[in-house]
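What follows is a short report on a single structure.
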Amino acid sequence: MDTHIFDFLLKNLGEFYSYTGFANATPGHIIMILIGLVALYLGIGKKFEPMLLVPIGFGIIVGNIPFYPGMQIGIYEEGSVMNILYYGVIYGVYPPLIFLGIGAMTDFSSLISNPKLMLIGAAAQVGIFAAYMMALQFGYTAPEAGAIGIIGGADGPTAIFLSSRLAPDLMGAIAISAYSYMALVPVIQPPIMKMLTTNKERLIKMKPPRSVSRLEKITFPIVGIIITCFIVPSGLPLLGMLFFGNLLKESGVTKRLAVTASNSLIDVVTILIGLTVGASTQATTFLTAKSITIFGLGAASFVVATFSGILFVKFINIFLKEGNKINPLIGNSGVSAVPDAARVSNEVGQHYDKSNYLLMHAMGPNVAGVIGSAVAAGILLGFLA
């Protein structure tokens, strides 16, 4: 073979190799791909929130495939397909659509029948503001601290929406942290619930929720949007879509729209938000000391939120008569992880009494937590944006 041709082929092979992932890989890429594999294992093998962890885990792998800069394939490269899909996260488009779907699939009957359960959802939001103050102590700016604090609500869409407004640079770490703690609700919350309650409290049986009329169900989202958004107008994108989705469900005349919002639409948006948020964790931007601190603050925020919900129930029980007391095991469900936190309330309750069904009662503070986290996000936007 002619030496010139041989040299030319070697040069071509060298150029080809320089564009491969092998040539551009760093230890950070390998670490993040391993994290993605762990997320997939938890989602598929352990069935921890597979609807969240499978798209996010695969997205982490996609976002950390090493490539030569300038190839227009990375999520942060302007004009790439992944970058265009990521616009829905950057500009806060996906979270309101998620809230539309949540509203269309949520039954607020348990909350309407026992309005004081709303207070439990409000009490659990203490975790958000506690983490906000802790983040300030760690040297984060006020907007960054506000975005980090919302992790305590265990509400991924709200965390994305708020961080896109207050701290876009931290959005990947905040979103991954929020979704991780949502998925780990069955692991994190039960030990706290058992630690804070006595055996007598765990055996409290609550009265069955009263029957809620169709008129009440239709009126609730209309009154809800007016009251909450008059108080926190900045929460309108999330709260407006949440209550609109619920009205589609409860009105009885827009069944097709409600079915679309609660099925195909929310499924498509969940895929897009999970994949793009996962892909945003490129090692070069994600593996920082700030990201590790955010995970720690997020854990503290979530733990404080769980503590607050349970302790608040114990407090108001002091003023309630026997027969009307609330089982403190539903206090954990004041966070926004619907319906997993409510399921945990029920499972822990049945561990101590098989005949004690707490699920319907726990759904009250659980859906209140969804509203509460959106209101908290609106409050933080109001004085930080």
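Quick note: the coordinates plus some simple rules give every number you see, no bench work behind them. As the structure is a computational prediction, the values presented were derived from the model and not from experiment. Cβ placement follows ideal geometry from the backbone for every residue including glycine, while neighbour counts extend to all protein chains displayed.
General remarks:
- Phi-derived couplings, Karplus 6.51 cos²θ - 1.76 cosθ + 1.60 at θ = phi - 60°, listed residue by residue for segment 110-126: 5, 6, 5, 6, 9, x, 5, 5, 4, 5, 5, x, 5, 5, 5, 6, 4 Hz, with x used for Gly and Pro.
- 15 Å Cα-Cα reach of Lys290 towards aspartates and glutamates, excluding residues that sit fewer than 8 places from it in its own chain: Glu144, Asp169
- Within the straight-line cut-off of under 17 Å between alpha carbons, the aspartates and glutamates reachable from Lys116 are Asp107, Glu216, Glu322, sequence neighbours fewer than 8 places apart in one chain being disregarded.
- Residue with peak Gaussian network fluctuation, the chain [Cα springs, cutoff 10 Å], from Ala289, Ala154, Ala261: Ala289
- Selected from Pro66, Pro221, Pro208 as most flexible by GNM, with the chain as the system and alpha-carbon contacts under 10 Å: Pro208
- Packing-based ranking, highest mean first, of 91-101, 239-249, 129-139, 362-372 given that Cβ atoms within 10 Å are counted: 362-372, 239-249, 91-101, 129-139
- The phi-based Karplus calculation (6.51 cos²θ - 1.76 cosθ + 1.60; θ = phi - 60°) puts the 3J(HN,Hα) values of segment 311-319 at 5, 5, 4, 4, 5, 6, 5, 4, 9 Hz, whole numbers, x for Gly and Pro.
- Here each label is just a point 7 Å from Cα along the line to Cβ, and for Ile318 and Tyr87 those points are 5.5 nm apart.
- A simple spin-label model places the labels of Val212 and Lys11 7.3 nm from each other, with each point 7 Å out along Cα-to-Cβ.
- Ranking Met171, Met82, Ala283 by Cα position along the charge dipole of the chain, where only Lys, Arg, Asp and Glu carry charges on their C-beta atoms, puts Met171 farthest toward the positive end.
- Counting Lys and Arg as +1 and Asp and Glu as -1 over every other residue whose Cβ lies under 12 Å from the Cβ of Tyr181, the net charge comes to -3.
- Cα-centre dipole for the chain with unit charges at Cβ (Lys and Arg positive, Asp and Glu negative), debye to 20: 1800
- Among Thr20, Thr141, Thr285, residue whose mean-square fluctuation peaks in a GNM of the chain (springs only between Cα atoms under 10 Å): Thr20
- Vicinal HN-Hα couplings computed from phi for segment 166-174 (Karplus, 6.51 cos²θ - 1.76 cosθ + 1.60; Hz; Gly/Pro x): 9, 8, x, 5, 9, 4, x, 5, 5
- Residue pairs exceeding 25 angstrom between C-alpha atoms, taken from Lys47/Lys194; Lys194/Lys354; Lys46/Lys194; Lys217/Lys255; Lys217/Lys321; Lys207/Lys354: Lys217/Lys321.
- Sorted by Cβ density within 10 Å, fewest first, the residues Val232, Val253: Val253, Val232
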